[in-house]
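The values are calculated or read from the model by the stated rules, or taken from the named source; none is laboratory data. These figures come from a predicted structure and were not determined experimentally. Cβ coordinates were reconstructed from backbone atoms using ideal geometry, including for glycine residues, and neighbour counts include every protein chain displayed. Note: areas computed on protein heavy atoms with side chains; ligands, DNA, RNA excluded. Shrake-Rupley method; radii C 1.70, N 1.55, O 1.52, S 1.80 Å.
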Amino acid sequence: MGTGVGRRGTPARPAGLRKRWLIAGIGAVLVALVAGVSLGPVSLPPGSVAAELLNLLPGVHLDSGLSEREIAIVTELRLPRVVLGLLVGGLLALAGGCYQGVFRNPLADPYLLGVAAGAGLAVTAAIALGVGTGGAVSGMPLTIPLAAFGGSLGAVALTYLLGAAGGRDRSPATLILAGVAVSAFLAAGQTYLMQQHAESLQQVYSWLLGRLATAGWHDVRLVLPYFLLTAVVVLLHRRELDVLSVGDDEATSLGLHPQRSRYLLIAAASLGTAAAVSASGLIGFVGIIVPHTVRMLAGSSYRVILPLSMLFGGAFLALTDVVARTAAAPAEIPIGVVTALLGGPFFVLVLRTARRVFT
């Protein structure tokens, strides 16, 4: 299935991950890393920033030419934020590509099973009820990420239970419909809380619009274990998505257990999305823009789409954060607004070309 003959006898594009695309993905991450650390209210020379970043490696000692204050800006302020953007963007893009393969739906995104609605309701409740107002990180109470994480996983679990009502014959479409129902129900609860606690609207919206503001490495340490777990599980099973794309009957005949593989991948992608949401709020369209761009440029096999989506997704969000920080300086645009401005037109493009891309 990885190779074959295309139309008019021309060889089909190999399904394997080409070295040049892997190098391009790693290069994009490195460019985003240097650009994200260099650009800001105080611009720093990219060459000096690259040298200072290399100094973080064991055994490397280079003269970056930066002052102690500038080094502190690099290592304690900007680098944690850029690394967080790389992790969150990689998780959202990886989860989006995984969901599109599992549900065989080109419009599936990381929030399909109610993750966004569950996190939104939990965070709104925590803010409106004043739970845990002490110990803020970046102006946000420490209970907010915990509430978002718990609300996200709770919504996915509720979607699973509702989808399981269909019995053994439940299909991916059943889970999608269950996710829509759960999202609508939780969104109604969130709207009610916001109406009853109007004084909390500003703080709720600041989280809902997404942000990567972080003080030090706290959020990075929280997200990193979930990033590693999600990446390992999804990437190790990425070949199974290619098998699932031909249908459950064919997959079964090839020795695959479709339901088990599907639910394992959904669980891993949902866990990663919940971790991303808990650290950054709701950042839309990353899970649609990046996987589709990779699919159109590098190939349609999930052996290619998933690893490249993780790399380019991280780079995309880190660079988007640079735009959010600098476009209206000294003010900062919510990163969710920037991704929505980019994702809206792209979503229309996906609607028009999805049939052509998937055939």
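Between SER67 and VAL323, the C-beta separation translates, for a Förster distance of 30 Å, into a calculated FRET efficiency of about 0.65. Kindly state, to the nearest 0.05, the FRET efficiency for ALA35 paired with ARG104, given R0 = 30 Å and r defined as their beta-carbon distance. Given R0 = 30 Å and the Cβ-Cβ separation, E is 0.25. Between GLU76 and GLN202, the distance separating the two model label sites (each 7 Å from Cα on the Cα→Cβ line) works out to 2.8 nm. Long hydrophobic helices in the chain: the complete DSSP H runs spanning 20 Å or more by Cα along their own axis with mean Kyte-Doolittle hydropathy of at least -0.5 are 19-38, 79-103, 143-164, 172-196, 218-236, 258-280, 302-326, 335-357. Equivalent-ellipsoid semi-axes for the chain (Cα gyration tensor, √(5λ), whole Å, largest first): 34, 28, 17. Note on the range 29-140: Rg/Rh from C-alpha atoms, Kirkwood Rh, equals 1.12.
Taken per residue, the accessible surface of the range 57-114 reaches 36 Å², heavy atoms only and a 1.4 Å probe. Entry note, the chain: relative contact order of 29 percent, from Cα contacts under 8 Å with a spacing of 6+ residues.
Using R₀ = 25 Å, calculate the FRET efficiency as 1/(1 + (r/R₀)^6) where r is the Cβ-Cβ separation of ARG18 and LEU236; round to 0.05. So the FRET efficiency works out to roughly 0.80.
Rounded to the nearest whole Hz, the Karplus-based 3J(HN,Hα) values (6.51 cos²θ - 1.76 cosθ + 1.60, θ = phi - 60°) of the range 108-113 follow the sequence 5, 9, x, 9, 4, 9, with x at glycine and proline. Computed over the chain, the per-residue total of -39500 (n - 2.57) for DSSP H runs of n ≥ 4 gives a 222 nm mean residue ellipticity of -22500 deg cm²/dmol, rounded to 500.
Seen from a random direction on average, the alpha-carbon convex hull of the range 182-304 projects onto 10.2 square nanometres. Structure remark: mean-square fluctuation, Gaussian network model of the chain, C-alpha springs under 10 Å; the largest value among LEU146, LEU342, LEU57 belongs to LEU57.
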